[in-house]
1. Run I54 past the list (1) in a helix (DSSP H, G or I); (2) open to solvent by less than 60 Å² (accessible area, probe 1.4 Å) and report the number of the one that doesn't hold.
2. List every residue pair whose Cβ atoms lie under 7 Å apart, where the two residues are 6 or more positions apart in sequence or sit on different chains, the first residue falls within the range 1-12 and is over 7 Å from A50 (Cβ atoms), and the second residue, located anywhere, is of a type outside the set (A, V, I, L, M) and buried (at least 18 other Cβ atoms within 10 Å of the Cβ).
3. Return the pairs, sorted by first residue and then second, in which the second residue is in a helix (DSSP H, G or I) and open to solvent by 100 Å² or more (accessible area, probe 1.4 Å), the first residue lies in the range 13-25 and is free of Cβ contacts under 8 Å to residues at least 60 places away in the same chain, the beta carbons are less than 6 Å apart, and the residues are 6+ apart or on different chains.
4. Would you pick out the residues in the range 21-37 that are farther than 21 Å from Y60 by Cβ, open to solvent by 70 Å² or more (accessible area, probe 1.4 Å) and in a helix (DSSP H, G or I)?
5. So which residues in the range 11-20 are open to solvent by 50 Å² or more (accessible area, probe 1.4 Å) and closer than 19 Å to M1 by Cα?
6. Across the range 35-70, which residue is modelled with the highest pLDDT among those that are out of contact with any Gly (no Cβ under 9 Å at 6 or more places or on another chain) and of a type in the set (S, T, Y)?
Amino acid sequence: MSWLFLITAGLLEIGWPLGLKYAQQDGCRLAGIAAAVLFMAGSGFLLFLAQKEIPMGTAYAAVSYTHLRA
């Protein structure tokens, strides 16, 4: 289950820069910032859950790699 949390955390990492990009458009600032914060919080929480069974270095490297590949 931890690997599923880890993969999902990596996918959520892709969402927060998109939310910040969306926040730059006129009339969408609050929605974009809210989306970015939700994606950051979700990714952090799932990374926290994954690190209960997966070593921290492995978990962080996997999430960072997923984020860089997108």
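The values are calculated or read from the model by the stated rules, or taken from the named source; none is laboratory data. Not measured: the values here are computed from a predicted model. Cβ atoms come from the backbone with ideal geometry, glycine included; neighbour counts cover every protein chain shown. Surface accessibility is based on the protein's heavy atoms, side chains included, excluding ligands, DNA and RNA. Shrake-Rupley method; radii C 1.70, N 1.55, O 1.52, S 1.80 Å.
1. Single failed check for I54: (1).
2. Cβ pairs passing all conditions: G10/T66; L11/T66; L12/F39; L12/S43.
3. Note: pairs meeting the criteria are A23/R29.
4. Residues of the range 21-37 that are farther than 21 Å from Y60 by Cβ, as a first pass: 21-35.
Among the residues that remain, those that are also open to solvent by 70 Å² or more (accessible area, probe 1.4 Å) are: 21-22, 24-27, 29-30, 33.
Hits for the range 21-37 are K21, Y22, R29, L30, I33.
5. Correct list: L11 only.
6. Checked the range 35-70; the qualifying residue modelled with the highest pLDDT is T58.
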